[in-house]
Amino acid sequence: MTSTAKLLDGFKRFQKQYFGDDSRLYESMKNGQPAKTLMVACCDSRVDPAILTDCDPGDLFIVRNVANLVPPSENDGSYHGTSAALEFAVNNLEVENIIIMGHASCGGIQALLDDDGSQSSQFIHSWVSIANSAKIWVEDKLSTASREEKLKACEQRAILQSLANLMTFACIRERVEQGSLSLHGWYFDIAAGELLCFNSETGAFESLSKES
């Protein structure tokens, strides 16, 4: 079966599930989406937010980009897809949560760590430089650590940088200060199948998914 044929077969199953005898879900959303959580996730095909969280259509407003990064707010007349999505979710959908979800073995963060100025890239290296502060922190604090340790630390520090960048958007900062919007940093460990959440009180990413 070709890859597109597999996708079409998948759509048929989706159509049967949501538009068959019981089509109330999409009928209820035909005039708008009810999502109250915005998730910024990576483009990586292994990390689909809706699958990982077992959400239904309409539950999540999802922004996906390389390395799940949020740039700082800029008003320079350029094209800002991620920033536009943030603005729409906060001002139009009035989401109540924004989650930055990073993950292990992130190719975008690997590109950031490996960038020594000699590699040619039209877009990627400029984009991942948003997380340069994470790379600098890793190089300073973990200079003798293993490659794997550095990568994991940089992936997690990049999440924290994106959380900080969220607060440079006036619409987000105002909602957070009002108490009507909360920000979260999540990290998915692909090999372990574990979800970690940043705890601002302990300053560490802690497991959300282990059963007690």
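Meeting the requirement of 1 or more residues that are touching a helix residue (DSSP H, G or I) at 6+ places or on another chain (Cβ under 9 Å) and either at pLDDT below 95 or closer than 30 Å to Leu196 by Cβ (or both), the helices (runs of 4 or more DSSP H) wholly within the range 1-56 are 3-19, 24-28. Among the conditions (1) of a type outside the set (Gly, Ala, Ser); (2) in contact with a Lys or Arg (Cβ under 9 Å, 6 or more places away or on another chain); (3) over 16 Å from Cys42 (Cβ atoms); (4) touching a residue at least 24 places away in the same chain (Cβ under 8 Å), Leu142 misses just one, which is (4). Is the range 72-82 home to any residue that is surrounded by 14 or more Cβ atoms within 10 Å (Cβ to Cβ), under 26 Å from Gly179 (Cα atoms) and either without any contact (Cβ under 8 Å) to a residue 12 or more places away in the chain or β-branched (Val, Ile, Thr) (or both)? Within the range 72-82 (the criterion being surrounded by 14 or more Cβ atoms within 10 Å (Cβ to Cβ), under 26 Å from Gly179 (Cα atoms) and either without any contact (Cβ under 8 Å) to a residue 12 or more places away in the chain or β-branched (Val, Ile, Thr) (or both)), the answer is yes, since at least one residue qualifies.
Restricting Asp44, Asp56, Asp21, Asp9 to residues that are under 19 Å from Ala85 (Cβ atoms) and among the acidic types (Asp, Glu) narrows the list to Asp44. Residue selection: Ser78 fails the criterion of being within 13 Å of the chain's Cα centre (by Cα), over 28 Å from Glu139 (Cβ atoms) and part of a loop (DSSP other than H, G, I, E, B). Contact annotation: residue pairs with Cβ atoms under 8 Å, 6 or more positions apart or on different chains, pairing a residue in the range 155-178 that is closer than 16 Å to Leu38 by Cβ and without any contact (Cβ under 8 Å) to a residue 60 or more places away in the chain with a partner that is assigned to a helix (DSSP H, G or I) and of a type outside the set (Phe, Trp, Tyr), are Met167/Arg173; Met167/Val176. For the range 90-126, taking the residues that are touching a Ser or Thr at 6+ places or on another chain (Cβ under 9 Å) and part of a helix (DSSP H, G or I), the one that is surrounded by the fewest Cβ atoms within 10 Å (Cβ to Cβ) is identified as Ala111.
Conditions (1) of a type in the set (Val, Ile, Thr); (2) within 20 Å of the chain's Cα centre (by Cα), marked per residue:
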residue	(1), (2)
Ala131	no, yes
Ile136	yes, no
Leu142	no, no
Leu151	no, yes
Cys154	no, yes
Leu166	no, yes
Tyr187	no, yes
Ala192	no, yes
Cys197	no, yes
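Consider Glu87 carefully, then state whether it is of a type in the set (Asp, Glu), closer than 26 Å to Gly179 by Cβ and either in a loop (DSSP other than H, G, I, E, B) or within 14 Å of the chain's Cα centre (by Cα) (or both). Criteria not met by Glu87. For the range 114-148, residues that are more than 20 Å from Leu69 (Cα to Cα) and basic (Lys, Arg) total 2. State yes or no: is Thr82 of a type in the set (Ser, Thr, Tyr) and within 21 Å of Asp189 (Cα to Cα)? It is false that Thr82 is of a type in the set (Ser, Thr, Tyr) and within 21 Å of Asp189 (Cα to Cα). For Thr53, state whether it is farther than 15 Å from Leu163 by Cβ, surrounded by 15 or more Cβ atoms within 10 Å (Cβ to Cβ) and either free of Cβ contacts under 8 Å to residues at least 60 places away in the same chain or within 18 Å of the chain's Cα centre (by Cα) (or both). Yes: the conditions hold for Thr53.
The values are calculated or read from the model by the stated rules, or taken from the named source; none is laboratory data. Just so it is clear, the structure is predicted and the values come from calculations on it, not from any experiment. For neighbour counting, all protein chains shown are included, and Cβ atoms are generated from backbone atoms with ideal geometry for every residue, glycine included.
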